[in-house]
């Protein structure tokens with residue numbers, strides 16, 4: 001089979017759960033400069049094998065064509081060849097079951113072009129940064145923190161991460177470590193289906209915010225002049241948080257119409 005378009009090699013693979021994966025790849029050639037929060041396109045041919053726990057595809061791909069999808073980069077922006085992605089398996093999908101079947105040393109396609117406007121570098125210096133995520137929406141925030149946490153000691157930076165179970169909290173250990181290391185960073189995980197061993201919040205992220213956790217615990221009142229919000233994850237969650245923030249005067253950020261609410265949904 002022709003694999004001539006493959007230009008990267010799997011260098012690391014961590015299964016957080018059977019359907020959540022941290023994938024690390026080394027590209028054959030360095031990529032250009034990128035900003036934390038941007039994304040690359042990953043691809044595999046349709047003839048590649050699928051993971052053992054996938055389901056039948058609803059639409060069969062062409063075997064000799066690349067299946068391509070965008071994925072947020074979790075790496076620090078200083079990385080040029082060693083890149084990391086956090087991926088959720090869509091069991092009946094075309095690409096993710098093939099990505100989950102990769103092993104270290106296997107080859108894949110990674111685009112040259114890096115895109116996206118979900119970027120921390122466009123927020124004013126000194127503004128507080130609230131990062132809200134569900135699922136693999138945590139990936140761009142990992143890049144934010146790996147790239148910028150040392151540069152912004154004057155900003156409060158808060159990650160609010162929602163999931164069903166403790167084991168669904170990708171990057172939990174790294175984020176917990178950062179909270180212990182940097183006085184200006186706070187990590188707030190919350191679960192909707194926690195077991196008896198969980199001593200944290202047991203709410204959805206929407207419910208958590210509406211209980212004024214930012215105001216009561218962090219002395220932050222949502223105000224687009226001083227605090228920028230990033231929201232990434234499930235479209236329903238994104239819609240609910242966006243509507244809530246509109247009540248405080250927030251508007252969505254666009255390249256030609258700047259705002260203090262940055263949205264990425266999938």
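The values are calculated or read from the model by the stated rules, or taken from the named source; none is laboratory data. Please read these numbers as outputs of a predicted model, since none were measured by experiment. Glycine gets a Cβ as well: all are built from the backbone with ideal geometry, and neighbour counts include every protein chain shown.
Go through (1) closer than 21 Å to residue 140 by Cβ; (2) surrounded by 22 or more Cβ atoms within 10 Å (Cβ to Cβ) and name the single condition residue 88 misses.
Condition (2) is where residue 88 drops out.
Go over the candidates 61, 18, 30, 56 one by one and state the one that is under 26 Å from residue 147 (Cα atoms) and surrounded by fewer than 18 Cβ atoms within 10 Å (Cβ to Cβ).
Unique residue meeting the criteria: 30.
Using the structure shown, decide if residue 69 is within 23 Å of residue 1 (Cβ to Cβ) and surrounded by 22 or more Cβ atoms within 10 Å (Cβ to Cβ).
So residue 69 fails the test.
What are the residues in region 189-200 that are buried (at least 17 other Cβ atoms within 10 Å of the Cβ) and at pLDDT below 95, if any?
Matches in region 189-200: 194 only.
Please report, ordered by residue number, the strands (runs of 3 or more DSSP E) entirely within region 185-266 with at least 2 residues that are in contact with a strand residue (DSSP E or B) (Cβ under 6 Å, 6 or more places away or on another chain) and in contact (Cβ under 8 Å) with a residue 60 or more places away in the chain.
Those strands (runs of 3 or more DSSP E) span 227-233, 261-265.
Of all residues in region 235-259, which are under 19 Å from the mean Cα position of the chain (by Cα) and surrounded by 18 or more Cβ atoms within 10 Å (Cβ to Cβ)?
Listed by number, the residues that qualify are 237, 238, 240, 241, 253.
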